[in-house]
1. Suppose the chain between Lys32 and Lys74 were pulled fully straight at 0.36 nm per residue; how much longer would it get relative to their current alpha carbon spacing?
2. For region 1-126, what is the Kirkwood hydrodynamic radius in Å, using each pair of distinct C-alpha atoms?
3. Please list, in chain and number order, the residues 5+ apart from Phe124 or on another chain whose amide H is under 5 Å from its amide H, with Hs placed from the backbone.
4. Pull up all non-local amide H partners of Leu52: gap of 5 or more, or a different chain, and H-to-H distance under 5 Å with H placed in the peptide plane.
5. By how many nm would the segment from Lys64 to Lys2 lengthen if fully extended, with 0.36 nm per residue of separation less the alpha-carbon distance?
6. Please turn the phi angles of region 60-65 into ³J(HN,Hα) values with the Karplus equation 6.51 cos²θ - 1.76 cosθ + 1.60 (θ = phi - 60°), one per residue in order, whole Hz, x for glycine and proline.
7. Suppose every K and R has +1 on its Cβ and every D and E has -1 on its Cβ; what is the size of the dipole of region 1-125 about the Cα centre, in Debye to the nearest 20?
8. Too long at a 20 Å Cα-Cα cut-off: which of Lys72/Lys98; Lys75/Lys103; Lys79/Lys105; Lys67/Lys98; Lys79/Lys113; Lys74/Lys98?
Amino acid sequence: MKRVLILYGTRFGTTKDTSEKIRDILEAKEIKVTLVNIEEEQPSLGNFEGILIGTGIRISLWTKKIKKFIKKYKKDLEKRNFIFGFFLCCGTASTKEKIKEAKTKYIDNRMQKIGLTYDIADAFGGIYDFSETSPWSKMTKKMFKSGLINDEGWVRVDEILYDLRDLDQIQAFAEEFSSLL
């Protein structure tokens, strides 16, 4: 049985939910998945046939702990004997054109600066949660609700939740990752 580590950093939960969806797809293909929130523990790279790292984007930045983890384990990620994948979730990746832009800006350009290559990478949309229990600040909610966002092409789940992710895209990414294993 192949073993995969999915390590993620999330601010508001979208990357966690996306990581869980990827885990479920891989496990359905009889791949053993270890899912780790970097905010809760520091994993070792161990003996995995595949490692996926996911991060959220806020103000054009990866989560701090993912950035630190990659810097710390850069040499291990370079001389790997496993399939290495990277993904991110961000609100700007809401259309096919914007997905390409987000992938270039937030993955390709950053990986090039760091000096890392990957076997597979993708950028997924985010989730905008305007509910009372949302972890977003009141100011952020007001900015978005006041028209600073363009909801063209967004999937409205209800009056307070927008999911910009393409679930078929996530499925295809996980399936391609599994085929690389």
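Each reported figure results from applying straightforward, stated rules to the coordinates on display, with no laboratory input. Just so you know, these numbers come straight off a predicted model, no measurement behind them. Glycine also receives a Cβ, built like all others from the backbone with ideal geometry; neighbour counts cover every protein chain displayed.
1. On the way: separation 42, 0.36 × 42 = 15.12 nm, distance 2.41 nm.
That works out to 12.7 nm of additional length.
2. Kirkwood radius, region 1-126: 14.5 Å.
3. Amide H to amide H, under 5 Å and 5 or more residues apart or across chains, Phe124 pairs with Leu88, Cys89, Cys90.
4. Here Leu5, Ile6, Leu7, Gly85 satisfy the definition.
5. Extending this stretch completely gives an extra 19.4 nm.
6. Couplings: 6, 10, 5, 5, 4, 5 Hz.
7. Working: 26 positive and 16 negative charges, 116 e Å.
Once rounded to the nearest 20, the dipole reads 560 debye.
8. On the way: Lys72/Lys98 30 Å; Lys75/Lys103 23 Å; Lys79/Lys105 25 Å; Lys67/Lys98 23 Å; Lys79/Lys113 17 Å; Lys74/Lys98 28 Å.
From the list (Lys72/Lys98; Lys75/Lys103; Lys79/Lys105; Lys67/Lys98; Lys79/Lys113; Lys74/Lys98), the Cα-Cα distance tops 20 Å for Lys72/Lys98; Lys75/Lys103; Lys79/Lys105; Lys67/Lys98; Lys74/Lys98.
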